[in-house]
Amino acid sequence: MTTDISTRREDGVVVVTPVGEMDAVTSPALADVLEGVLHELPVGVVVDLAKVAFCDSRCIGVLVAAYRHARDQGLGLVVAEPQQQVNRLFVIAGIDQVIPILPSTGAAVESLRDQGGPKD
């Protein structure tokens, strides 16, 4: 099973957008993409979960590992627009206490852009 994961840059922030279900089979692909993106040392990373219908413990592990990696590099990583079922899982698992979760990708990009990089 392949997973569609796109990336784009917005004001130095990389937006990573997986599509579909993030489980034990597909989460390693997300881990690979996030690892590659973090090596580019962007201003920050937004994981846009608007198109992710399901996320299991493996997906949560990938997000927490990426968050810690980003933090260790002095970068921000936030999650944006999780669907209700995914957001509920994050709250139950306490992920919302670790990784910032924002209601929109635009707000997430803005929050990272405002806290990182040189100001014009």
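Just so you know, in the range 74-120 the residues that are among the acidic types (Asp, Glu) and part of a helix (DSSP H, G or I) include one that is modelled with the lowest pLDDT, and it is 114.
Among the residues of the range 47-73, those identified as in a loop (DSSP other than H, G, I, E, B) and either closer than 21 Å to residue 85 by Cα or under 12 Å from the mean Cα position of the chain (by Cα) (or both) are 49, 50, 51, 56. Take the conditions (1) in contact with an Asp or Glu (Cβ under 6 Å, 6 or more places away or on another chain); (2) among the small types (Gly, Ala, Ser); (3) surrounded by 20 or more Cβ atoms within 10 Å (Cβ to Cβ); residue 50 misses just one of them, which is (3).
Closer than 21 Å to residue 115 by Cα, touching a Pro at 6+ places or on another chain (Cβ under 7 Å) and surrounded by 20 or more Cβ atoms within 10 Å (Cβ to Cβ) - does that describe any residue in the range 60-71? So far as the range 60-71 goes, no, none of its residues is closer than 21 Å to residue 115 by Cα, touching a Pro at 6+ places or on another chain (Cβ under 7 Å) and surrounded by 20 or more Cβ atoms within 10 Å (Cβ to Cβ).
Please verify whether the range 78-96 includes one or more residues that are surrounded by 13 or more Cβ atoms within 10 Å (Cβ to Cβ), free of Cβ contacts under 8 Å to residues at least 60 places away in the same chain and under 12 Å from residue 38 (Cα atoms). No, the range 78-96 has no match at all. When the range 6-43 is filtered for residues that are closer than 16 Å to residue 75 by Cα and part of a strand (DSSP E or B), the ones remaining, listed by number, are 9, 10, 13, 14, 15, 16. Considering the range 10-32, the residues that are modelled with pLDDT under 95 and of a type in the set (D, E, K, R) include one that is surrounded by the fewest Cβ atoms within 10 Å (Cβ to Cβ), namely 11.
The values are calculated or read from the model by the stated rules, or taken from the named source; none is laboratory data. Bear in mind the structure is a predicted one, so any value in this text is a computation, not a measurement. Cβ sites come from the backbone with ideal geometry, for glycine too, and all protein chains shown count toward neighbours.
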